[in-house]
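Colleague: Supplied in structure tokens, the structure appears directly below.
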Amino acid sequence: MKSKNRFLLFIAATLCCAQAFSADSKPNILLLVAEDMSARVGAFGDATAVTPNLDSLAAEGLRLPNAFTTAGVCAPSRAALITGMHQISIGAQHMRTSTHPAGSYKSVPPPHIKAFPELLRAAGYYTFTDSKLDYQFSGTTAGSGPFTLWDAEGRNTGWEDREPDQPFFGMINFMATHESGTFDPLGYWPDSLLHLGMQIYRAMMFGIVSDSNPVSAAEVTLPPYYPDIPSVRREMARHYNNIHSMDRQVGELLTQLERDGLTDNTIVIWTTDHGDGLPRAKRELYDSGIKVPMIIRWPQQWRPAGIKPGTQDRRLISFVDLAPTILAMAGVPAPDYLQGSNFLSPEIAPRNYIFASRDRIDEIEDRQRAARDKRFKYIRSWHPGLAGGHPLAFRDLQQMTRDMRSLWKAGKLNEAQAKWFQSAGEEQLYDLHDDPHELRNLASNPDYQQTLSRMRSALQDWLKTVEDRGETPEQQMVSDFLCGDCQCVTPPPKLTIEHGRLNLSSDIPGASIGFRLDNGDWRLYQRPVPLAGLRSVEAKAVRYGWEESTVTSRKF
């Protein structure tokens with residue numbers, strides 16, 4: 001009851017914010033998210049990267065070099081970003097719900113959980129995103145998720161369609177850097193039908209990509225866990241060139257913002273959804289999989305006191321911190337259930353730890369949890385015999401992955417390169433100051449037992465706090481989500497009219513309701529709507545993870 005009352009107070013405060021809205025009191029906010037990319041940016045010290053637009057953005061803003069995702073792979077990471085909740089708390093931990101071997105499903109978060117764009121929308125913001133969702137309680141593409149999050153979604157959406165002077169929040173995803181961009185493109189003989197499908201998709205989305213400028217295979221610097229072979233250099237160079245393409249797209253977007261006269265009232269956040277789309281990075285809990293670059297640029301009128309352009313803040317930041325931080329930027333109260341905090345608030349102490357998790361990856365069952373402070377990383381595995389470099393259908397479309405595995409089987413990799421293909425054991429501990437690539441496991445070293453105990457305790461305490469749903473077998477969790485053998489369907493909302501106003505309600509806890517008047521745009525329902533002069537009203541409802549309801553309507 002206490003939690004319910006607090007949530008009702010939060011909704012009331014949000015409605016007050018919406019009613020009191022004025023254009024001058026709210027900044028626009030853009031969240032730019034590149035796919036599958038670690039800190040391969042010039043401004044973050046990578047001399048190979050060709051990223052002039054991101055470098056300029058960093059020079060005008062704040063660099064955050066110690067930001068971490070909650071997973072090393074996109075869908076669980078995005079679920080945490082969009083809700084401010086660790087994916088293991090809301091049943092969104094497996095990669096991904098649509099590849100469950102027993103059949104596709106959608107996760108169903110607890111009913112009080114709302115994605116932060118919906119909270120911004122309730123506060124008067126125009127919200128939009130492009131063609132990728134991938135929140136686990138949605139599908140992957142636009143139109144497949146709760147319709148109440150976004151005013152507009154799809155490839156050609158933007159801030160142009162909002163009401164005059166209405167503030168906007170936009171989340172733009174940059175697919176150019178996705179792992180699939182390192183695969184041999186169209187023009188190379190495909191390794192499989194899946195590979196051919198990805199070649200065609202990439203060609204349609206981005207055109208025919210060449211293995212040329214601006215970064216050549218000879219220029220890349222290899223981490224110690226990669227052998228120096230042609231496929232590794234070729235695919236790393238492709239990754240850098242895809243990063244350059246993404247950088248150009250960011251520049252075009254920022255130029256359009258300037259042309260539209262919006263730069264001086266728009267906060268821009270740029271980051272990535274997890275680490276590099278390369279073997280021993282994406283999907284892993286090593287820093288190569290979860291440590292991401294982040295840049296925030298404020299217009300002068302919105303810049304927090306004490307933050308100067310071109311500086312950096314080395315505090316630990318988790319992806320679950322983004323939701324409360326963005327809500328604070330917009331002046332919207334953050335619900336108290338959020339597991340992150342506003343990292344820009346001077347009243348909140350910096351984090352001591354970040355936490356991350358890994359569960360089933362496509363066809364391979366797994367469960368790992370990690371705790372990291374500024375110096376040490378601790379990883380606990382419930383499948384200690386499973387090697388990181390096990391066969392995985394989608395990842396194995398990378399030629400470098402297949403070549404590395406062949407060299408390992410032939411005994412031609414050195415110790416650092418072979419480590420990924422060997423079981424890591426139940427516990428791993430790394431000193432990131434002395435071993436930034438996490439190659440020397442100190443868990444059995446007598447000199448580090450006190451640190452091991454501290455990190456182990458930190459992880460155990462956190463798991464109790466967040467109520468890890470990984471304790472439940474996935475099939476049992478799926479059964480809990482479903483209605484019989486099928487996805488639950490949200491019942492239509494109830495429509496009543498009192499004193500010339502439309503009232504909408506739902507008997508389903510946590511259901512969000514949308515409506516439209518006279519065949520106009522769908523809007524988020526918050527309070528009774530005056531009906532004077534209207535000819536028709538339509539309404540529908542959705543609980544996250546359920547199929548949306550049919551439309552209920554009335555004509556006047």
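Every number in this text was worked out from the coordinates using simple rules, so none of it is lab data. Quantities reported herein were computed from a predicted structural model and do not represent experimental measurements. Here the Cβ positions follow ideal geometry from the backbone for every residue, glycine too, while neighbour counts run over all protein chains shown.
Colleague: From the convex hull of the Cα coordinates of segment 368-478, what is the mean projected area in square nanometres?
Modeller: Value for segment 368-478: 8.9 nm².
Colleague: What is the fewest-to-most order of 90, 364 by other Cβ atoms lying within 10 Å of their Cβ?
Modeller: By the 10 Å Cβ count, ascending: 364, 90.
Colleague: Residue by residue, what Karplus-based ³J(HN,Hα) values in Hz, rounded to whole numbers, does segment 493-504 have, using 6.51, -1.76 and 1.60 with θ = phi - 60° and x for Gly and Pro?
Modeller: So the Karplus estimates, Gly and Pro as x, are x, 8, 10, 9, 10, 9, 6, x, 10, 7, 10, 10 Hz.
Colleague: Could you pull the Cα extents of segment 434-476 along its three principal axes, largest to smallest, in whole Å?
Modeller: 41, 20, 17
Colleague: Taking K and R as +1 and D and E as -1, what net charge do the other residues with C-beta under 14 Å from the C-beta of residue 384 add up to?
Modeller: Net charge in that neighbourhood comes out at 0.
Colleague: Between segment 430-482 and segment 42-92, what's the alpha-carbon centroid distance in Å?
Modeller: 21 Å
Colleague: Over the chain, what is the mean sequence separation of C-alpha contacts under 8 Å (at least six apart), divided by residue count, expressed as relative contact order in percent?
Modeller: Across the chain, relative contact order equals 20 percent.
Colleague: To the nearest 20 Debye, how big is the dipole of the chain about its Cα centre, given +1 on the beta carbon of each Lys and Arg and -1 on that of each Asp and Glu?
Modeller: Dipole of the chain, to the nearest 20 debye: 880 debye.
Colleague: Helix 399-409 sits at what angle to the longest principal axis of the chain, using alpha carbons and giving 0 to 90 degrees rounded to 10?
Modeller: 40 degrees
Colleague: For segment 362-377, in order, what is each residue's ³J(HN,Hα) by Karplus, 6.51 cos²θ - 1.76 cosθ + 1.60 with θ = phi - 60°, in whole Hz (x at glycine and Pro)?
Modeller: 6, 8, 10, 6, 7, 7, 9, 9, 9, 10, 9, 10, 6, 10, 10, 10
Colleague: Report, in listed order, any pair from 114/540; 374/464; 374/419; 106/464; 26/114; 282/377 with a Cα-Cα distance greater than 19 Å. Don't skip to the answer; put the middle values down first.
Modeller: Working: 114/540 17 Å; 374/464 22 Å; 374/419 24 Å; 106/464 24 Å; 26/114 21 Å; 282/377 17 Å.
Correct reply: 374/464; 374/419; 106/464; 26/114.
Colleague: Taking each pair of different alpha-carbon atoms in segment 402-539 once, compute 1/r for the pair, average those values, and report the inverse of that mean as the Kirkwood hydrodynamic radius in Å to one decimal. Spell out each step's value before the answer.
Modeller: Details: mean 1/r = 0.0458 Å⁻¹.
Roughly 21.8 Å, rounded to one decimal.
Colleague: Let me ask you something else. Listing 144, 38 from the residue with the fewest other Cβ atoms within 10 Å to the one with the most, what is the order?
Modeller: Ordered from fewest to most neighbouring Cβ atoms within 10 Å, 144, 38 come out as 144, 38.
Colleague: Based on DSSP, what percent of beta bridges with both residues in the chain are antiparallel, to the nearest 5?
Modeller: Beta bridges within the chain, antiparallel portion: roughly 65 percent.
Colleague: Along the principal axes of its C-alpha atoms, what lengths does segment 236-364 span, in descending order and rounded to whole Å?
Modeller: 48, 37, 25
Colleague: Could you list 273, 134, 403, 165 in order of exposure, starting from the residue whose Cβ has the fewest other Cβ atoms within 10 Å?
Modeller: 165, 403, 134, 273
Colleague: Moving on to the next point. Out of segment 421-491, which trypsin sites (Lys or Arg not before Pro) are coil in DSSP terms and have no more than 15 other C-beta atoms within 10 Å?
Modeller: Qualifying residues, ordered by number: 440.
Colleague: For segment 494-555, with only Lys/Arg (+1) and Asp/Glu (-1) charged at the beta-carbon, what is the dipole magnitude about the Cα centre, in debye rounded to 20?
Modeller: Charge dipole, segment 494-555, about its Cα centre: 180 debye, nearest 20.
Colleague: Residue 191 to residue 375: extension gain in nm, 0.36 nm per residue of separation minus the Cα-Cα distance? Please report the intermediate quantities before stating the final value.
Modeller: Working: separation 184, 0.36 × 184 = 66.24 nm, distance 4.11 nm.
Going from the current span to full extension adds 62.1 nm.
Colleague: Taking only the C-alpha atoms, wrap a convex hull around segment 147-246 and report its volume per residue in Å³ as a whole number.
Modeller: Values: hull volume 16.8 nm³, N = 100.
Normalising the Cα hull of segment 147-246 by residue number yields 168 Å³.
Colleague: While we're here: For a quick size check, give me the Cα extents of the chain along its three principal axes, largest first, whole Å.
Modeller: Computed over the Cα atoms, the extents are 80, 51, 51 Å.
Colleague: Just subtract the alpha-carbon distance of residue 216 and residue 450 from 0.36 nm times their residue separation and send over the number in nm, one decimal. Can you show the working numbers first?
Modeller: Values: separation 234, 0.36 × 234 = 84.24 nm, distance 4.57 nm.
Stretched fully, the residue 216-residue 450 segment lengthens by 79.7 nm.
Colleague: Along the charge dipole of segment 412-549, Cβ charges K/R +1 and D/E -1, which of 500, 546, 528 sits furthest on the positive end?
Modeller: Result: 500, furthest along the dipole toward the positive end.
Colleague: Going highest first, how would you order 190-202, 297-309 by mean Cβ packing within 10 Å?
Modeller: Ranking the peptides 190-202, 297-309 by packing returns 190-202, 297-309.
Colleague: Starting from the eigenvalues of the Cα gyration tensor, five times each then square-rooted, give me the equivalent ellipsoid semi-axes of segment 494-555, largest first, whole Å.
Modeller: 20, 13, 9
Colleague: Still on this structure, please answer the following. In whole percent, what relative contact order does segment 368-478 give with Cα contacts below 8 Å and a gap of six or more residues?
Modeller: 31 percent
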